[in-house]
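The values are calculated or read from the model by the stated rules, or taken from the named source; none is laboratory data. Since the model is a prediction, treat every value here as computed from it, not as a measurement. Here the Cβ positions follow ideal geometry from the backbone for every residue, glycine too, while neighbour counts run over all protein chains shown. Protein only, heavy atoms only, side chains kept; ligands, DNA and RNA dropped before computing areas. Shrake-Rupley method; radii C 1.70, N 1.55, O 1.52, S 1.80 Å.
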Amino acid sequence: MRLKLLLQYSGHGLYGWQAQAKPRKLPTVQGHLIDAFKKLKVGTVEPVAAGRTDAGVHALAQTVHVDVPKRMELIKYLGGLNRFLPHSIRVIRVAEVTEKFHARFSAQNRSYRYLIYNGRNLPPHLKGHVGHAIKPLQFTDMQKALAKLPLGEHDFSAFRDSECQAVSPLCRILSRKLTRVKDPLGTPLIAFDISADHFLHHMVRNIVGTLAEVGEGKRDTNNLLQVLKGKDRRAAGLNFSPDGLYFVGVSYPKHKELGFID
């Protein structure tokens, strides 16, 4: 039986998606899921995610598939997993799918959002959940710089981490925008949204770091495009904190669900 799970989680205090090997078994999303399935008496499973988020990164709609040897009602998986998972990880939907569906390889594109609080003193309720830029940022300049980042397929070597294991640095950008938003308490934030067919390791955080330096006046509005064309990671900005990064969704070709519960 192949299950498709939709997860939400706070990455604060978690060491990313990937389960840690013993003896230093640090808390991860995949590790907690594996343990929850064991406590459900399902056996050992290997959950596969649409995107492997790093330590401290959050998810609003992470898709996971998992093959389970034991058939149960979907409501028992939904309730049972949430019973045994920490509250920072929630399964919000469970569906049964055929083996043709693969959370990672079936994905057509993925979307991320990065939230920035721009001010001297970070509000306590935002700690661990936004990036923090202390110096005043010129929002309009950042928008102008981002608008010059072209859509379509390009080489993103300049925004790629040195440990990135992707075979190719080419990514196809579908959309990107910078907007002003507010959190539920009315705190003003800057939101960077980007969608692509896939992403390189630390790509979004490196783009945000470069945009922030444009906002501080350290770079002009043409610089983001120049860095992209130069393909040199040393020319880009600092890797911004994982605290403000959210995996917000993934799209798939139309596929059949044999049943679902949420």
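Would you check which residues across region 79-136 are under 23 Å from residue 53 (Cα atoms), open to solvent by 10 Å² or more (accessible area, probe 1.4 Å) and part of a strand (DSSP E or B) and list them?
Scanning region 79-136 gives 90, 92, 93, 109, 110, 111, 112, 113, 115, 117, 132.
Yes or no, residue by residue, for (1) modelled with pLDDT of 95 or more; (2) touching a Gly at 6+ places or on another chain (Cβ under 9 Å):
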site	(1), (2)
42	no, yes
59	yes, yes
65	yes, no
81	yes, no
84	yes, no
92	yes, no
95	yes, yes
112	yes, yes
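Restricting the search to region 56-72, which residues are among the small types (Gly, Ala, Ser) and either surrounded by fewer than 16 Cβ atoms within 10 Å (Cβ to Cβ) or assigned to a loop (DSSP other than H, G, I, E, B) (or both)?
56, the sole residue that qualifies.
Which numbered condition in (1) touching a Leu at 6+ places or on another chain (Cβ under 6 Å); (2) surrounded by fewer than 16 Cβ atoms within 10 Å (Cβ to Cβ); (3) free of Cβ contacts under 8 Å to residues at least 60 places away in the same chain is the only one that residue 261 fails?
(3)
Which one is farthest from the chain's Cα centre (by Cα) among residues in region 11-51 that are closer than 20 Å to residue 241 by Cβ and open to solvent by 30 Å² or more (accessible area, probe 1.4 Å)?
Going through the qualifying residues, I end up with 26.
Tell me, which residue of region 159-198 that is within 19 Å of residue 54 (Cβ to Cβ) and of a type in the set (Gly, Ala, Ser) is modelled with the lowest pLDDT?
162
In region 229-250, what count of residues is obtained for those that are surrounded by fewer than 14 Cβ atoms within 10 Å (Cβ to Cβ) and under 20 Å from the mean Cα position of the chain (by Cα)?
Total satisfying the criteria: 1.
Given (1) open to solvent by less than 60 Å² (accessible area, probe 1.4 Å); (2) hydrophobic (A, V, I, L, M, F, W, C); (3) over 18 Å from residue 243 (Cα atoms), where does residue 75 come up short, assuming only one miss?
(1)
Could you go through region 195-213 and let me know if any residue there is within 23 Å of residue 102 (Cα to Cα) and assigned to a strand (DSSP E or B).
The answer is yes; a qualifying residue exists.
Mind listing whichever residues of region 80-118 are of a type in the set (A, V, I, L, M, F, W, C), over 23 Å from residue 31 (Cα atoms) and in contact with a Ser or Thr (Cβ under 9 Å, 6 or more places away or on another chain)?
None - no residue of region 80-118 is of a type in the set (A, V, I, L, M, F, W, C), over 23 Å from residue 31 (Cα atoms) and in contact with a Ser or Thr (Cβ under 9 Å, 6 or more places away or on another chain), so the list stays empty.
What pairs come up if the first residue lies in region 142-155 and is at pLDDT 95 or above, the second is open to solvent by 80 Å² or more (accessible area, probe 1.4 Å), and their beta carbons are under 6 Å apart, counting only those six or more places apart or on different chains?
153/172; 155/231
Can you tell which of 226, 165 is surrounded by fewer than 16 Cβ atoms within 10 Å (Cβ to Cβ), out of contact with any Pro (no Cβ under 8 Å at 6 or more places or on another chain) and part of a helix (DSSP H, G or I)?
Exactly one of 226, 165 is surrounded by fewer than 16 Cβ atoms within 10 Å (Cβ to Cβ), out of contact with any Pro (no Cβ under 8 Å at 6 or more places or on another chain) and part of a helix (DSSP H, G or I), namely 226.
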